[in-house]
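Working notes, structure below.
The values are calculated or read from the model by the stated rules, or taken from the named source; none is laboratory data. Quantities reported herein were computed from a predicted structural model and do not represent experimental measurements. All Cβ positions, glycine included, derive from the backbone under ideal geometry; neighbour counts span all protein chains shown. Heavy atoms of the whole protein, side chains included, go into the accessibility calculation; ligands, DNA and RNA do not. Shrake-Rupley method; radii C 1.70, N 1.55, O 1.52, S 1.80 Å.
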Amino acid sequence: MKIVMLGAPGAGKGTQAKMIADRYHIPHISTGDIFRMNIKNGTPLGQEAKTYMDAGKLVPDELTVKILLDRVAADDCSEGYVLDGFPRTIPQAEVLTEALTKLADKIDYAINVDVPDENIVKRMSGRRSCPSCGQVYHITHMPPKAEGICDKCGAELVQRDDDKPETVENRLKVYHDQTQPLIEYYEKAGVLKNVDGTKDKDEVFAAIAAILD
């Protein structure tokens, strides 16, 4: 079962991808995680990716495609995987489709977690991240026990550059220009499934599980 997660940044598709991975015992492959690992380790790829991410821009295809294809060729992906953060553009989707076709394979489901822009700006500008252990909080929905301090490791929480309101709005503009056309792309391929992402995460997951089951 090969799944692509669609939705604007902050729609909650990463959370849903993790829940899908747990339930169906397939890897959750997040290009964001791969980039963050490279950024943390200070690799040339990470440093290049960081300049785009900090500006709220999408990382270019050539920095992304090769990593992903190597990852899905790994043994743990033999039963399937859930892609989170890729493809982001029609050209990326076409490269992925072409690569999978050569392997006599294809994407089975493209799940679009649908959330209006105004909800996303509120969600993301309230996020706070731990620079030490990576735990994410929200000042309204999931605050830490002590304000500004990570429950897990005691480090001081930060607002990531890509969670600041002006960056979020820029990311949404980029999303609508470049990524939203994927909804139509996968609809034409006959694999698109829409779910209402404004609901509680467990309700959203129940809707997804009903599709995948």
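A compact table of results
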item: Relative packing of peptides 131-144, 191-204 - highest average C-beta neighbours within 10 Å first; result: 191-204, 131-144
item: Order of exposure, largest accessible area first, which applies to 169, 48, 79 with probe 1.4 Å; result: 79, 169, 48
item: Summed residue charge, Cβ within 12 Å of residue 116's Cβ, Lys/Arg positive, Asp/Glu negative; result: -2
item: Solvent exposure ordering (accessible area, 1.4 Å, most first) of 37, 1; result: 37, 1
item: C-alpha long axis of helix 31-40 to longest principal axis of the chain, angle in °; result: 50 degrees
item: Label-to-label distance, nm, for residues given as residue 187 and residue 62 (7 Å Cα→Cβ offset); result: 3.3 nm
item: Heavy atoms of residue 211: accessible area, 1.4 Å probe, square angstrom to 10; result: 50 Å²
item: Percent accessible area from carbon and sulfur atoms, region 1-75, protein chains only, probe 1.4 Å; result: 54 percent
item: Between region 106-158 and region 49-67, the Cα center-to-center distance that results, in Å; result: 21 Å
item: Percentage relative contact order, region 73-213, counting C-alpha pairs under 8 Å, at least six apart; result: 30 percent
item: Extension gain from residue 73 to residue 48, taking 0.36 nm per residue of separation minus the Cα-Cα distance; result: 6.5 nm
item: Low-density loop positions, trypsin sites (Lys or Arg not before Pro), region 1-110 - DSSP coil, at most 14 other Cβ in 10 Å; result: 106
item: Region 108-151: relative contact order in percent, alpha carbon pairs under 8 Å with at least 6 residues between; result: 22 percent
item: Rounded to 5, percent antiparallel among DSSP beta bridges of the chain; result: 25 percent
item: Acute angle (nearest 10 degrees) that the helix 61-72 long axis makes with the longest principal axis of the chain, alpha-carbon atoms; result: 70 degrees
item: Angle in degrees between helix 201-212 and the longest Cα principal axis of the chain, rounded to the nearest 10; result: 10 degrees
item: Principal axis dimensions, largest first and in whole angstrom, of region 64-132 by Cα; result: 43, 31, 21
